[in-house]
Amino acid sequence: MLEKTYQPSEIEGRIYKSWEDEGCFAAGAGATGENAETFSIVIPPPNVTGSLHMGHALNNTLQDILVRFERMRGKDVLWQPGTDHAGIATQMVVERQLAESQQPDRHALGRDAFITKIWEWKAESGDTITNQLKRLGASCDWSRDRFTMDEGLSDAVLKTFVQLYNDGLIYKDKRLVNWDPEFRTAISDLEVENIEVDGHMWHFKYPLADGETYEYVEKDADGNETLRETRDYISIATTRPETMLGDGAVAVHPSDERYAPIVGKLCEIPVGPKEHRRFIPIITDDYPDPEFGSGAVKITGAHDFNDYEVARRGNIPMYRLMDEVADMRDDGVPYAEASKLAMELVEAGGEPDRTYVDTINLVPDEYRGLDRFTARKRVVADCDAEGLMIKVEDKKVMQPFGDRSRVVIEPMLTDQWFCNAEELAKPAISAVENDDTKFFPKNWEKTYFEWMRNIQPWCISRQLWWGHQIPAWYGPDGEIFVAESEADARAAAEETHGAGVELTRDPDVLDTWFSSALWPFSTLGWPEQTPELARYYPTSVLITGFDIIFFWVARMMMFGLHTMKDETGAPQIPFNDVYIHALVRDEDGKKMSKSEGNVIDPVDLIQGIGIDDLVAKRTTGLRKPEIAPTVAKETRKRYPDGFDAYGADALRFTLAVMAAMGRDIKLSVDRVAGYRNFGTKLWNASRFAQMNECATSEDFDPASAHHVINRWIIGATAETAGEVTRALEAYRYNDAADAIYRFTWHTYCDWYVELIKPLLNGSDEDAKVETRKTAAWALDHVLKLLHPFMPFITEELWDKLAEHGRDRPRRLMLSSWPALEGLSSDDASAEVDWVIALVTEIRSVRSEMNVPAGTKIPLELIDPSREVMRRIDRHTDTIERLARLDEMTPVDEPSKGAAQIVVGETTMALPLAGVMDVDTEAERLRKEITKHQSEIAKIGKKLSNAQFLEKAPDHVVAEQKSRQTDAEALVAKLEEALARIESMA
RNA sequence: GGGACCAUAGCUCAGCGGGAGAGCGCUCGCCUCACACGCGAGAGGUCGCUGGUUCAAUCCCAGCUGGUCCCACCA
């Protein structure tokens, strides 16, 4: 016998182990045969050293639901799991650990020793996330678990890199990139987060060379002069004064008449030792906006993306001012000499080949070695002291931050590897345009197109140690040899240099997303032509969050289409569908984040956590430690008792039912509790079945059930199975979850179980036997339909409820999905709906008239039809039990002082003389009548509209007419009832 | 500046061209022989505003208001 309540913690681990031990997760498990249709999903690989957060829980729940659904449908299913090496994130964690334990940092350790440390950390913590996914119930084929730095996947990376290099789609270049001074590496545009911060805009005078002057004239829109003065300077505005040191020119718009007199002349950069000041030309370019600031822009090609483009157009020299930690450079020749070299460039009229970016250090000696922000203060102070600062304004400025390091990103001109994304994007755009790959919901396609059509070169090199080292070797003259192995590179090098040539490998590693981009085929064995690759590629659907559409989805599309070809040589998409789900937020709609202290850890919801532990967890790791008391108070207020052990099923169901397409999920712990209760409800319905010896029987044929109540539940089960199936096929998780929830609780438990109690305790043996079988059959179907959402409790009940046999395999997860077309029965549902309506009406009146719940009362049927009497006879025990009646008798006229109800075409009366107040009852009837009359009026207005009759479809008109007829009949009955009551008053 | 999304019950959200729904919360009554993590009965909404299309608009279109997010960005 089942325990009284379901205890998830006792059961989940045991069930999961059975599935694993029995090979239920293996690719193809449960498939109907050799020719079964395939269904494959690759998991979005979590960071190998990470731990499960609510986003993972949602993502993997949605995948598992589909995978379990399709597996039960008999498809050949593969859910490919794996983890990502997460370059920066992992290296960061290990570096922090070294610092915390006061060990030598990575530079002191050296590259090999440091990487060994990371592998150790991976070995130590790498199982965490996998085990957490298992607790969630994820039915991945763990035997195929992959890691982006596995040998096979590393081969895939090498091969792809070499191939793209040979195709001319990967190249090395010196370009302006986003530099993260904390991690001392380049990062891609996507890893930069622009945040508005309080800043300043400083206005400085750049004096003209040789004391020259000009007439500065400003005019308004009508051409009237508003200002005229003689100036010996040009006014420059900047938010980053420290970059003045690297200016190569001052640019004005060609149409800007204010500065026309001085275009081509030189002006002085007003910083540094006076005797060695540099002069730079005033040039024209379309970039400056005459309406903004002074209309004149300083051009610092090596430290600003817009300036970089201007400098390239105009051959303006670019000078790197900072080192790898973004401190002002402290290398090379003294400033005086560097400044002289720079002046030579000006005299030469520019610098087309950017040779001096690194060799000339234009940082004045007294600023060398300062960090950027100190240097800024010094430059401002020095200019101000010289009287060259015109003004300073407070201004909101957008500042770029590293998404992981949280430090200000510095644009830096460095040598990096790039991928020609523009070229790779072309087929990736067409594939979506042609619907070869479809997004759900579709509006994400627009986001995808928007980004892909404006895509920039992708910087793929990182100056990190943890990752795939770039397979490029440099020869003695700096030539590049790109090859899959050092031996191949050497062979190529020896062709020109002869044997024994010295080669050095490029120390950089690849962006983590480079290997992720290969995930759909690298995990299936590529570059080997494995059977799995042939069978499961392209994958069926990718399920992921919108936040990595650019990082990951777009790049998989690009690399997949470029690399994978079918038998005819046509490019192959990596996945047919892309389902984009929302973010999981906290109850207030805020993004969950450790530094805010509002994280809800999925594992805590699954296994429970006490309030003290919860508070402790939320108050450690806050970005602002001073808010800890507030966080603690809020947490205690909101969750006074912490979290119960709600179990994985409850969490999964909550996420599924809230996962309506295209909307963020505000996770509510109350709802998780609600669906835990739902599990208990199912558990108790099963106990009921068990106590009443309801067992499935292989000889039971639902199509041949006789009893109307049984035929009704069979039809409703079939209908629900259809709803759930259709919803899941369309990725409408919430509709599917909702349908099975409603059926389980409100149809099966609330009505069916109550309706059959008299049958199970009655004397009709045939009915009893059939009902037991039907109850078990319907419950089995509930378990099946619910299994993808709540795998643990359903599997446990499947195991406990009946013997296993031909139609009832040992494991629910490998049983067959219900296909019940053609089992509906309209006549049964009409009759049962009538019984339900009758019981509901009686209960309602009893409650309104305050009849004590324990009191049994009689029911009078006024002039009932034969059909009504037949129904009453068939369901006497049931109706009396559910409505708490002691007898039901046909009468011609109701007793005096009886409350009257109308069910279908029959008026019935509940004699409540002495209990019931006549006026109250009259009032109740009048209210009822008014309600229906207003409906009749509404419909009447429609039906008297000639336009409506003419233009509306026939079935709509017919429906309105029948509604009108029904309502009129009901009102007539109610009015009769009211007349009887009034005659008594 | 470009783009996407949202506004429906107290809260969180479904829905959708022809009869306003769920969960939670709330009120009232019940320890009714599966379940108090429960049972029964209720209260509660001019479906953001203004126009338009239509026989018919909560739903489609336009504008407005308020909010969220993404991308880009003026030195």
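The values are calculated or read from the model by the stated rules, or taken from the named source; none is laboratory data. Remember, predicted model here, so these are calculated numbers, not experimental data. In this analysis, Cβ positions are derived from the backbone assuming ideal geometry, glycine residues included, and neighbour counts consider all displayed protein chains. Note: accessible area is taken over every heavy atom of the protein model, side chains too, but ligands, DNA and RNA are not part of it. Shrake-Rupley method; radii C 1.70, N 1.55, O 1.52, S 1.80 Å.
Restricting region A:756-845 to trypsin sites (Lys or Arg not before Pro) that sit in a DSSP loop and have at most 15 other Cβ atoms within 10 Å of their own Cβ leaves A:ARG806, A:ARG810. At full extension, A:GLU193 and A:ASP886 could sit 242.2 nm farther apart than now, given 0.36 nm per residue minus the alpha carbon distance.
Under 23 Å Cα-Cα from A:LYS973, which lysines qualify once same-chain neighbours fewer than 8 residues away are excluded? A:LYS973 reaches A:LYS896, A:LYS927, A:LYS931, A:LYS938, A:LYS941, A:LYS961.
Looking at region A:1-70, which trypsin sites (Lys or Arg not before Pro) are DSSP coil and have at most 14 other C-beta atoms within 10 Å of their C-beta?
Sites meeting the loop and neighbour criteria: A:LYS4.
The 3J(HN,Hα) values that the Karplus relation (6.51, -1.76, 1.60; θ = phi - 60°) gives for region A:836-847 are, in residue order, 5, 4, 4, 4, 4, 4, 4, 4, 4, 5, 4, 5 Hz. Gly and Pro appear as x.
Report relative contact order for region A:166-286 in percent, whole number only (criteria: Cα-Cα under 8 Å, sequence separation at least 6).
Contact order relative to length: 22 percent.
Here the Karplus curve 6.51 cos²θ - 1.76 cosθ + 1.60, taken at θ = phi - 60°, turns the phi angles of region A:961-968 into couplings of 4, 5, 5, 5, 4, 4, 5, 5 Hz, with x standing for Gly and Pro.
Length gained on full extension, A:SER593 to A:ALA26, computed as 0.36 nm times the residue gap minus the Cα-Cα distance: 200.6 nm.
For A:GLU848, the accessible surface of its heavy atoms amounts to roughly 100 Å² (probe 1.4 Å, protein chains only, rounded to the nearest 10).
Between A:LYS800 and A:THR504, the simple label model (points 7 Å from Cα in the Cβ direction) yields a spacing of 6.9 nm. Legend: distances between Cα atoms for A:LYS298/A:LYS377; A:LYS219/A:LYS340; A:LYS637/A:LYS666; A:LYS134/A:LYS757; A:LYS681/A:LYS800; pairs beyond 28 Å are A:LYS219/A:LYS340; A:LYS134/A:LYS757.
I'd like the trypsin sites (Lys or Arg not before Pro) in region A:596-656 restricted to DSSP loop residues with at most 12 other Cβ atoms within 10 Å, sorted by number. In loop regions of region A:596-656 (DSSP not H, G, I, E or B), the sparsely surrounded trypsin sites (Lys or Arg not before Pro) are A:ARG623. Scalar couplings 3J(HN,Hα) for region A:277-286, obtained by applying the Karplus form with A = 6.51, B = -1.76, C = 1.60 to θ = phi - 60°, are 5, 8, 10, 10, x, 9, 10, 10, 7, 6 Hz; x denotes Gly and Pro.
Using C-alpha pairs under 8 Å with a sequence gap of at least 6, the mean separation divided by the residue count of region A:521-646 gives a relative contact order of 20 percent. Placing a label point 7 Å from the Cα of A:ALA487 along the Cα-to-Cβ direction, no residue of region A:129-171 has a backbone N closer than 11 Å. The peptide list A:726-737, A:964-975, put in order of mean Cβ contacts within 10 Å with the highest first, becomes A:726-737, A:964-975. Simple spin-label estimate for A:ILE480 and A:ARG623 gives 3.7 nm between the two label positions (7 Å along the Cα-to-Cβ direction from each Cα). Across q = 0.04, 0.08 Å⁻¹, chain A modelled as identical point scatterers on its alpha-carbon atoms has Debye log10 I(q)/I(0) values of -0.32, -0.95, in the order of the q list.
To the nearest 10, the accessible area of A:ILE282 is 0 Å² with a 1.4 Å probe. Each of A:VAL325 and A:ASP826 was given a label point 7 Å from its Cα along the Cα-to-Cβ line. The distance between the two points is 8.2 nm.
Protection proxy ranking, highest mean first, for peptides A:852-860, A:456-464: A:456-464, A:852-860, where packing is the per-residue count of other beta-carbon atoms within 10 Å, averaged.
Taking all protein chains together, A:LEU783, A:LEU370 sort by accessible area into A:LEU370, A:LEU783, largest first [probe 1.4 Å].
For chain A, the antiparallel share of DSSP beta bridges with both residues in that region comes to about 70%. Per-residue extension of 0.36 nm, minus the Cα-Cα distance of A:PHE449 and A:MET398, leaves a gain of 15.8 nm for this segment. Calculated accessible area for chain A comes out at 44 Å² per residue, all protein chains present (probe 1.4 Å; ligands, DNA, RNA ignored).
Ellipsoid fit via the Cα gyration tensor, region A:558-706: semi-axes of 37, 34, 12 Å, each the root of five times an eigenvalue, largest first. Adding -39500 (n - 2.57) for every DSSP H run of four residues or longer, then dividing by how many residues chain A holds, sets the calculated 222 nm ellipticity at -14000 deg cm²/dmol.
The share of accessible area on chain A that comes from carbon and sulfur is 47 percent, using a 1.4 angstrom probe.
The amide H of A:TYR216, built 1.01 Å from its N in the peptide plane, has A:GLU229, A:THR230, A:ARG231 as neighbours under 5 Å, considering only residues 5 or more places off or on other chains. Kindly state, to the nearest 0.05, the FRET efficiency for A:ALA616 paired with A:SER18, given R0 = 30 Å and r defined as their beta-carbon distance. Once the sixth-power term is evaluated, E becomes 0.30. For chain A, calculate the relative contact order in percent as a whole number, restricting contacts to Cα pairs under 8 Å that are 6 or more residues apart. Dividing the mean separation by the residue count of chain A yields 12 percent.
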